[in-house]
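The values are calculated or read from the model by the stated rules, or taken from the named source; none is laboratory data. What you see is a predicted model; the values in this text were computed from it and never measured. Cβ sites come from the backbone with ideal geometry, for glycine too, and all protein chains shown count toward neighbours. Heavy atoms of the whole protein, side chains included, go into the accessibility calculation; ligands, DNA and RNA do not. Shrake-Rupley method; radii C 1.70, N 1.55, O 1.52, S 1.80 Å.
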Amino acid sequence: MPTINENFIKIPATYLFSEIARRVSAYRSEHPDVDIIRMGIGDVTLPLPDVCVDAMIKAAEEQRSVATFRGYGPEQGYDFLRKAIVENDFQAFGIEEDEVFVSDGAKSDTGNIGDIFSRDNKVAITDPSYPVYVDTNAMGGRAGQFLNGQWSGLVYLPCNESNRFVPELPAGKVDIIYLCYPNNPTGTVLTREQLAVWVNYARDKGAVILFDAAYEAFISEKDVPHTIYEIDGAKEVAIEFRSFSKTAGFTGTRCGYTVVPKSVKALSENGERVALNKLWLRRQTTKFNGVSYAVQRAAEATYTPEGKRQVRSLIDYYMDNARIIRQALQSIGMSVYGGVNAPYIWVKTPDRMGSWDYFDYLLKEKGIVCTPGAGFGASGEGFVRFSAFGEKERIVEATRRLLR
Ligand code: MLT
């Protein structure tokens, strides 16, 4: 009989958002008449932009004829999409098309990137964080033992009210650093100067930064960097993850990409400095067969002038929801963070309630689903996260219930 990857036994039995869905569905089956408003998982509710749907229809029509039919595409993405990505988002920073890898989303890429790093690396992760970073490092055997809610082998970088959610540099040397800005779950951001501290650290210590910029499009303030490559020297030390999910409503359609500059390197056992671009290309061509042609055409359409306009209106809609939630909670004296440069609002629970207790209270007393902060890590205890993705009428109704 084969033996299992023991790391799967060590991790908590269910993924955070699956656990929430399980609890909500159990509650709903006992209380079928309760009108539940979902502000938990960050899933979009507005339909795809018209430009994307039109591009998908056109791409589907092409599949009818021998002359335009497409079989396997390049695993790392079609040239037309990689070109559009570089021209629109990265040209100013010297990123080239063969440094962009199109994928089915940032969740897969941030989860899979561990494949190209050895198990011995010391990994630092902000706390709280998107659970994929911690869980996949645990699955890969890089996290040690799970004791009292934390992994013995990971270096946690607490982000809390006392440091204004700006992580401090680790005391010892780490090799890999996960940063997500605008941040999920706290909705907070780093300024250019604050991000430069991390790039300089990585350059000094020979570390690699895994920078999740899935929420970049929601930035509204001027001194907030949209990409880590705005920071001098980042091209030598940082990999960046992007997504069309939240930006253009692709949570179900699935498309994202990862930028792996050829100048980002890590050591082999024999001391050679190896380009991570080469390893990621090898990984993707082996384990991934690319995103469907129609979906890549839809993603490309977001970069047309009309596409940009339609995407902007989706973002504005959700950010107006964020404003409504933020202002409502502030008006009743709650401590509220985020929601200005990100679609997430991070809120301190009242009366020092635990995150899961407050989650239960909101579900049972108000019919509102949030995400318990503790699910994102120990430093998230005492907070919950509200997602601004939702229909405006429902968001307004939720704030009414919260204010009652
Ligand atoms: C979240 O709610 O944190 C995200 O929607 C989850 C995801 O993108 O996988």
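Skip the ligands, DNA and RNA, and give the accessible area per residue of the chain with a 1.4 Å probe, whole Å².
Accessible area per residue: 45 Å².
For the chain, set up a GNM with springs between Cα atoms under 10 Å and report which of Ser245, Ser152, Ser355 has the largest fluctuation.
Ser152
Express in whole angstrom the spacing between the alpha-carbon centres of region 298-337 and region 45-108.
24
What number do you get for region 347-397 when its Cα radius of gyration is normalised by 2.2 N^0.38 Å, N = residues?
It is 1.14.
For region 21-61, what does the equivalent ellipsoid look like in terms of its semi-axes, each the square root of 5 times an eigenvalue of the Cα gyration tensor, given largest first in whole Å?
35, 11, 9
Net charge near Ser387: determine it from the other residues with C-beta under 11 Å of the C-beta of Ser387, scoring Lys and Arg +1 and Asp and Glu -1.
With Lys, Arg at +1 and Asp, Glu at -1, the net is +2.
If you plug each phi of region 177-182 into the Karplus form 6.51 cos²θ - 1.76 cosθ + 1.60 with θ = phi - 60°, what whole-Hz ³J(HN,Hα) values come out, in order, with x for Gly and Pro?
10, 8, 10, 10, 9, x
Treat every Asp and Glu Cβ in region 121-177 as -1 and every Lys and Arg Cβ as +1, leave all other atoms uncharged, and give the resulting dipole magnitude about the Cα centre to the nearest 20 debye.
160
For region 54-155, what % of the accessible area comes from carbon and sulfur atoms, probe 1.4 Å?
Looking at region 54-155 in its full context, I get 49 percent from C and S.
Size of the dipole of region 234-291 about the Cα centre, Lys and Arg at +1 and Asp and Glu at -1 on the beta carbon, nothing else charged, in debye to 20?
The calculation lands at about 160 debye.
Please report the Cα spread of region 44-84 along all three principal axes, rounded to whole Å, starting with the longest.
Cα spread of region 44-84 along its principal axes, largest to smallest: 34, 24, 15 Å.
For Val155, what residues show an amide H to amide H distance below 5 Å, using hydrogens built from the backbone and excluding near sequence neighbours?
Under 5 Å from the amide H of Val155 lie the amide H atoms of Val123, Ala124, Ile125, each far enough along the sequence or on another chain.
Need the full-extension length gain, Asn88 to Ser162, defined as separation in residues times 0.36 nm minus the C-alpha distance. One decimal, nm.
Extending this stretch completely gives an extra 22.9 nm.
Counting other C-beta atoms within 10 Å, and keeping those with at most 14, which DSSP coil GluC sites (Glu not before Pro) do you find in region 70-151?
The qualifying sites are Glu96.
Treating each Cα of region 107-259 as an identical point scatterer and ignoring solvent, apply the Debye formula and state log10 I(q)/I(0) at q = 0.10, 0.16 Å⁻¹.
Debye curve over Cα of region 107-259, log10 I(q)/I(0) at q = 0.10, 0.16 Å⁻¹: -0.33, -0.88.
Which Cα, out of Asn88, Tyr78, Ala60, lies furthest along the positive dipole direction of region 59-118 (beta carbon charges, K/R +1, D/E -1)?
Ala60
Would you please state which residues of region 378-398 a label at Leu147 would reach in this model, taking the label point 7 Å out along Cα→Cβ and a backbone N cut-off of under 17 Å?
Taking a point 7 Å out along Cα→Cβ of Leu147, the residues of region 378-398 whose backbone N falls under 17 Å are 378.
Which one of Ser263, Gly290, Leu276 is farthest out on the positive end of the charge dipole of region 225-309, using unit charges on Cβ (Lys, Arg +1; Asp, Glu -1) and the Cα centre as origin?
Selected residue: Gly290.
Please build a GNM for the chain, connecting alpha carbons under 10 Å apart, and tell me which residue among Arg142, Arg70, Arg192 fluctuates the most.
Per the Cα network of the chain with a 10 Å cutoff, Arg70 tops the list.
So which of Lys122/Lys246; Lys10/Lys278; Lys83/Lys278; Lys122/Lys205; Lys58/Lys246 end up more than 21 Å apart, counting from Cα to Cα?
Those over the limit are Lys122/Lys246; Lys10/Lys278; Lys58/Lys246.
Net charge within 14 Å of Gly141 by Cβ-Cβ distance, Lys/Arg positive one each and Asp/Glu negative one each, not counting Gly141 itself?
Counting the neighbours of Gly141, the net charge comes to 0.
How much of the DSSP beta bridge set in the chain is antiparallel, as a percent to the nearest 5?
Looking only at bridges with both residues in the chain, the antiparallel portion is about 55 percent.
Work through the residues other than Ala196 whose Cβ is under 11 Å from its Cβ and net out their charges, Lys, Arg +1 and Asp, Glu -1.
Taking every Cβ under 11 Å from that of Ala196, the sum is -1.
Is it possible to state the helix-based mean residue ellipticity at 222 nm for the chain, with each DSSP H run of 4+ residues giving -39500 (n - 2.57), the sum divided by total residues, to the nearest 500 deg cm²/dmol? What is it?
After summing the helix terms and dividing by the residues of the chain, the value is -10500 deg cm²/dmol.
Could you compute the FRET efficiency for Glu62 and Arg401, with r as their C-beta to C-beta distance and R0 at 41 Å, rounded to 0.05?
E between Glu62 and Arg401, to the nearest 0.05, is 0.30.
Between region 182-209 and region 356-383, how many Å separate their Cα centres?
What the calculation gives is 28 Å, centre to centre.
With charges only on Cβ, +1 for K and R and -1 for D and E, what is the dipole size of region 25-181 about its Cα centre, in debye, rounded to 20?
420
What Rg and what Dmax come out for region 1-160 when only alpha-carbon atoms are used, in angstroms?
21.3, 60
Measure of size requested: the Rg and Dmax of the chain, with Cα atoms as the atom set and Å as the unit; please supply both.
21.2, 66
Note down the Stokes-Einstein diffusion coefficient of region 260-363 in µm²/s, whole number, using a Kirkwood radius over alpha carbon pairs, 10 °C, and 1.306 mPa s.
85
GNM, the chain, Cα, under 10 Å: largest mean-square fluctuation among Tyr318, Tyr78, Tyr181?
So, out of Tyr318, Tyr78, Tyr181, the one fluctuating most is Tyr78.
Choose one of Thr136, Ser379, Phe250: the residue whose Cα lies farthest towards the positive end of the charge dipole of the chain (beta-carbon charges +1 Lys, Arg; -1 Asp, Glu; about the Cα centre).
Ser379
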